[in-house]
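In what follows, a structure is listed as structure tokens, so that the remarks can point back to it.
The values are calculated or read from the model by the stated rules, or taken from the named source; none is laboratory data. These figures come from a predicted structure and were not determined experimentally. Don't worry about glycine lacking a Cβ; one is built from the backbone with ideal geometry, like all the others, and counts go over all protein chains shown.
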Amino acid sequence: MRLAVMAVDFDGTIAHHDVMDPDIRPAIAAARHAGIRVLLVTGRILGDLRRVAGNLHFVDAVVAENGAVLHFPDTGHTSLLAPPIHEGFVRELERSGIHFARGRSIIDASAEDAHRLLEVIRRLELPLVLAFNGGRVMVLPQGVSKASGLRSTLDTLRISPRNMLALGDAENDHEMLRLAEVGVAVAWGSQALCDVADIVLEGTGPAAVSAYIRQLADTCRLPAPRRARRRLMLGYTEDGEEFSLAVLGRNVLVAGDARSGKSWTAGLLCEQLILYGYCVCVIDPEGDYRTLEALPGVIVLGGDDPPPTPRELLRALRYPDRSVVIDLSKRTHDEKMDFIHAVLPALNEIRQRTGLPHRIVLDEAHYFLEGHNGMNLLDLEQNGYTVVTYWASRLPKALLDATEVMIVTRQSNPTEIEMLRERCTHCEGVDPARWAILENLRSGQAVALPVTAEAAGDLRLFTVAPRLTPHVRHREKYIDVPVAERQAFVFTDGRRARTLRQFVEVLEAASDTCFDGHLRRKDFSRWLADVFGDYPLATQVGALEAQYAAKPSQDAIPEIVAAIRSRYELIEEDPFARPGHERAGG
């Protein structure tokens, strides 16, 4: 993932006893020349920082007073991000004889006076807290920290914390390191900070930080943490343990039969990435991901409107907390091909310049990446692709070789299973007979292949977790497409339904008593699961059937109809054709 911004502490990190390492300014200059923004984040009062650091133009911004003050050296603009100091508090400190330095929003004093400061705060009933920093203590408004100041700075600069690395040494750096995608603690600083940091920078002083910043400037890439703090929960293993993936910039393959839950699983990953604040761009050929728009910061482009041009997409992705779903369901196959062949290279260029989007999701990937030109559409140096397909053997070999996570729903094609086995590294110790598990997966199950580090060298079976947003299936794709005659639903009076629209029309045309046997035998939910592979809807309908069996009600059929209409957006072409039937939104 691209490194877009570095947040660097001052005292103890790049400076010792008020003196900066002599190479720190050239190192920061090299990082800024490479396109990395550098923010100086300190507990110091701004005037005091100028006294010891001199000209501050060597960084892009300064977050001072432990997050209470934001200063841009190039323009001279300074913002107060927290309430000013309470004058009554200052007078009481002076009366008590406590020695302190006053900033715009904080009080800086010796840590030895912490108990006296706390007593004054309690006596005056002020919303203030203490933050320790080595031998000093700061009195701050509640909720103010280096992280809060950094959030305001990143919002101003339109940079995502998921593209940020933070370096610190002391107690007041914990929140800053936690906010960053990668938090680095210096080995000569607080042991408690080192214990929770993603990376510990070895060395004995600020000179090591200068060398480290130069290394980062050379790659412009976020380094790999020693452990992942953010995880994507996929489901539960057979022994009831939670199964999750570490959030890293890995390429992910989700493969399996049609209607086996691939898009559901990919959507589950998207949901959690979005909620973690990652920018996700979903290229959605069939309109299966539109309901992600219910999550914060997600917009859907395309659908009934033309898909976005690369320029329009760039504008949509300029906000780091924005995710985009591109709905191509109304386009022809050739139009989809043309769009994807234009937009993937554009997304690669955007990611190289801005680090956004953090992840690109491509469903039905075999259609668009097959052939020699498929790899020309991808930038595997950036990684961060999730490809979804029922025909993984048609994907470029280089992409499969670069894929570090492989999740498989039910896969009944022996040729596809053999290809996955051949492509899967770390499979040497797996009994070949184990691969038959892929053919026998039940609804709602999936397997992580051994190439996935979290699978621990085995085919790790798990039950897929519920989604926050529904998985909408569009009428263009399912409602009016007839199933085979042998798969038609046969009602007790002889009527047959080969499409979901016909099924709903029959249900609406008769009373509940006509369907008593079907409801008690759970025929409706079984048909939805076995024929359409729509297990979430089948589960919902099955619950309604169970309620009816326990206590018959006239509401059973209308509730089943409403569930189908809501999930598939089943509407009439003429909304006034059948009074009383309104659209049920998906």
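Tabulated data
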read-out	value
Residue satisfying all of: in the stretch 93-117; polar (S, T, N, Q) and not in a strand (DSSP E or B); surrounded by the fewest Cβ atoms within 10 Å (Cβ to Cβ) among these	96
Subset of the stretch 7-21 (residues that are surrounded by fewer than 17 Cβ atoms within 10 Å (Cβ to Cβ) and either touching a Leu at 6+ places or on another chain (Cβ under 7 Å) or without any contact (Cβ under 8 Å) to a residue 40 or more places away in the chain (or both))	17, 18, 19
Residue within the stretch 348-368 that is surrounded by 15 or more Cβ atoms within 10 Å (Cβ to Cβ) and acidic (Asp, Glu) present	yes
Every pair of residues 6+ apart whose Cβ atoms lie under 9 Å, when the first sits in the stretch 429-443 and is under 21 Å from residue 463 (Cα atoms) and in the same structural domain as residue 411 (by TED's automatic domain parsing) while the second is basic (Lys, Arg) and outside any helix (DSSP H, G or I)	438/410; 439/410; 440/410; 441/410; 442/410; 443/410
The stretch 169-178, residues that are in contact (Cβ under 8 Å) with a residue 40 or more places away in the chain and surrounded by 21 or more Cβ atoms within 10 Å (Cβ to Cβ)	169, 170, 172, 173, 176
Strands (runs of 3 or more DSSP E) wholly inside the stretch 1-69 that include at least 1 residues being polar (S, T, N, Q)	none
Options 258, 166: the member that is farther than 24 Å from residue 1 by Cα and of a type in the set (A, V, I, L, M)	258
Extreme residue, surrounded by the fewest Cβ atoms within 10 Å (Cβ to Cβ), among residues of the stretch 422-439 that are assigned to a helix (DSSP H, G or I) and at pLDDT below 90	433
Candidate set: the stretch 384-417, residues that are under 27 Å from the mean Cα position of the chain (by Cα) and acidic (Asp, Glu); chosen: the one surrounded by the most Cβ atoms within 10 Å (Cβ to Cβ)	404
Flag for residue 276 being of a type in the set (Ser, Thr, Tyr) and under 11 Å from the mean Cα position of the chain (by Cα)	yes
Tally of residues being over 25 Å from residue 470 (Cβ atoms) and surrounded by fewer than 16 Cβ atoms within 10 Å (Cβ to Cβ) across the stretch 500-555	13
Matching residues, the stretch 376-406, being assigned to a strand (DSSP E or B) and either polar (S, T, N, Q) or more than 19 Å from residue 343 (Cα to Cα) (or both)	386, 389, 403, 404, 405, 406
Criterion: over 35 Å from the mean Cα position of the chain (by Cα), of a type in the set (Val, Ile, Thr) and in a strand (DSSP E or B) - qualifying residue of 137, 120, 129, 90	137
Among the candidates 193, 253, 234, residue that is surrounded by 20 or more Cβ atoms within 10 Å (Cβ to Cβ) and without any contact (Cβ under 8 Å) to a residue 40 or more places away in the chain	193
